[in-house]
Amino acid sequence: MDRCVVLVDAGYLLGAAASLLAGEPSRSRITVDHAAVVAGLRERAELETGQPLLRIYWFDGAPDRVPQPEHRRLRVMPRVTVRLGALTRTDGRWAQKGVDAAMHAELSELARNRACSDVVLVTGDGDLLPGMMSAKEHGVAVHLWAVQAADGDYNQSEDLVAEADERRVLDREWITRAIRAREVAGVCAPPTPRPEIQAILSAPLPEPAGSTSGSGRPDPLPGALPAKNGSSPAPAGTEHPDAAAAAAAAKGVPTPKDLAVLGRVQQAPTPHPAPNATLRWSSDKTWSERGPGNGPDVPDTSGLPTLATLTSAEQRWADREADITAVSGDPFEVGQVFARRWIARLTDAAHLQSLSTHYPRVPHRIDGELLRYAARFGLLAHKDDQIDEHDRYAIRAGFWREVDARTVAEHAPAGD
């Protein structure tokens, strides 16, 4: 058959692109316009092989082989077939399993059935060498494409390069048509230092437990009960609040647990002069007072409806279709899309003004829903099931940008 087929190792293509554009192979450092990637691959493959495209096979890994949002978007595109291997975590790192074997099997099957005359491989893994040799023996011309290496050297197996019939490089100009480095620093300004936190961190701490006084004997810990018959003033293995406070200060900005420890130190019979520690909490780096005895799970009292309560079954179906086909998954855009839907479905315009009064803290229930929505776009992948801090900033920045734009529009004069 006089047709061409493209087999793409997504791990290689996107990892090498991230190294080239962002300086490290983490795919979280780039944003990808998958429709533009597919269009670019098709155009170049047909141009270089002189044959019409039969199909693009996109090979990638996914946790438990469950399609991620990008895979769902890709598999509904014309002439694209997605094949998934497993994504497993070993020694703290994510690795694809089964992707090379799937590519080898597909390549051999296409060649054996004479389904195409030309195969384009976008990969660098030498494990595909036997499949490439088998395809050539069946009369298929093999074109090997590389992504321009960040250091100017090869990022492909030399044996694979030597065996290919034709070789090309996808250079920086081609890559940047559809892939760009994610600008994490400029999305949101870094938070300004909190004076109350600085006061806690700068408070003098007592000498570490076990230091000696002028008498040459160890000083008792502040607040310790008098020792009896020379016994230790505290049970072995008990962490004293001063030691915990010193550890908290050494970490930088204290956690709520650290602040509570500092508060207990103040209540000791011989407290050190630390300021009153106020327990505060936030999900977006902006602090909110918590009353005495209240924990982080205090219900949200903002009274604002969640997007789920505002969305009908028909709208939910349409939202999923739009997420698959129209939303790129960029964190900033994800926040904007969520806010746009929430605002459009409000039945009471006063809710929008009420939300604005919470700026810059997203109310707790809405913030949790926003982050769960963002998780659909693969923003949890490769990050220990936690959304990256910079991504969280970008998600919330996009949310507030859309809220600000809609609030201004609500108050704009009719003639504007």
If only one of Leu110, Leu20, Leu53, Leu87 is in contact (Cβ under 8 Å) with a residue 40 or more places away in the chain, in the same structural domain as Pro130 (by TED's automatic domain parsing), in contact with a Pro (Cβ under 8 Å, 6 or more places away or on another chain) and hydrophobic (A, V, I, L, M, F, W, C), which one is it?
Leu87
Restricting segment 58-77 to residues that are surrounded by fewer than 20 Cβ atoms within 10 Å (Cβ to Cβ), more than 20 Å from the chain's Cα centre (by Cα) and not basic (Lys, Arg), the one modelled with the highest pLDDT turns out to be Met77
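So which residues in segment 24-49 are assigned to a loop (DSSP other than H, G, I, E, B) and within 12 Å of Val5 (Cα to Cα)? Give the steps one after another, and end with the answer.
From segment 24-49, those assigned to a loop (DSSP other than H, G, I, E, B) are 24-26, 33; that's our starting set.
Scanning segment 24-49 gives no hits.
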The residue that is farthest from Val122 (Cα to Cα), considering only those in segment 151-173 that are of a type in the set (D, E, K, R) and in a strand (DSSP E or B), is Glu166
Considering segment 23-36, residues that are surrounded by 17 or more Cβ atoms within 10 Å (Cβ to Cβ) and either among the acidic types (Asp, Glu) or in contact with a strand residue (DSSP E or B) (Cβ under 7 Å, 6 or more places away or on another chain) (or both), and then whichever is modelled with the lowest pLDDT, we arrive at Arg29
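Could you run through segment 138-171 and say how many residues are surrounded by 15 or more Cβ atoms within 10 Å (Cβ to Cβ) and of a type outside the set (Gly, Ala, Ser)?
Narrowing segment 138-171 to residues surrounded by 15 or more Cβ atoms within 10 Å (Cβ to Cβ): 140-150, 155-157, 160, 163-164, 168, 170.
Filter once more, so that each one left must be of a type outside the set (Gly, Ala, Ser): 140, 142-145, 147-148, 155-156, 160, 163, 168, 170.
Qualifying residue count, segment 138-171: 13.
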Take segment 106-130 and flag every residue that is touching a strand residue (DSSP E or B) at 6+ places or on another chain (Cβ under 9 Å) and part of a helix (DSSP H, G or I).
Glu106, Leu107, Leu110, Ala111, Leu128
Over segment 295-353, the set of residues modelled with pLDDT of 85 or more, surrounded by 11 or more Cβ atoms within 10 Å (Cβ to Cβ) and outside any helix (DSSP H, G or I) is Leu304, Pro305, Thr306, Thr311, Arg345, Leu346
Has segment 356-368 got any residue that is at pLDDT below 85, among the acidic types (Asp, Glu) and touching a helix residue (DSSP H, G or I) at 6+ places or on another chain (Cβ under 8 Å)?
no
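Would segment 371-380 turn up any residue that is under 30 Å from Val32 (Cβ atoms), aromatic (Phe, Trp, Tyr) and either modelled with pLDDT under 80 or outside any loop (DSSP other than H, G, I, E, B) (or both)?
First, the residues of segment 371-380 that are under 30 Å from Val32 (Cβ atoms): 371-380.
Pick out the ones that are also aromatic (Phe, Trp, Tyr) and you get 373, 377.
So of that shortlist, the ones also either modelled with pLDDT under 80 or outside any loop (DSSP other than H, G, I, E, B) (or both) come out as 373, 377.
Yes, the conditions are met somewhere in segment 371-380.
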Of all residues in segment 56-72, which are at negative phi and in a helix (DSSP H, G or I)?
Pro63, Pro69, Glu70, His71, Arg72
Might you check whether a residue that is of a type outside the set (Asp, Glu) and in contact with a Ser or Thr (Cβ under 6 Å, 6 or more places away or on another chain) occurs anywhere in segment 61-77?
no
State all residues of segment 1-29 that are farther than 18 Å from Gly61 by Cβ and within 16 Å of the chain's Cα centre (by Cα); if no residue qualifies, say none.
Ala22, Glu24
Scan segment 29-51 and tell me whether some residue there is out of contact with any Asp or Glu (no Cβ under 8 Å at 6 or more places or on another chain) and of a type in the set (Ser, Thr, Tyr).
no
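The values are calculated or read from the model by the stated rules, or taken from the named source; none is laboratory data. Not measured: the values here are computed from a predicted model. Counting neighbours? That spans all protein chains shown, and the Cβs are built from the backbone with ideal geometry, glycine included.
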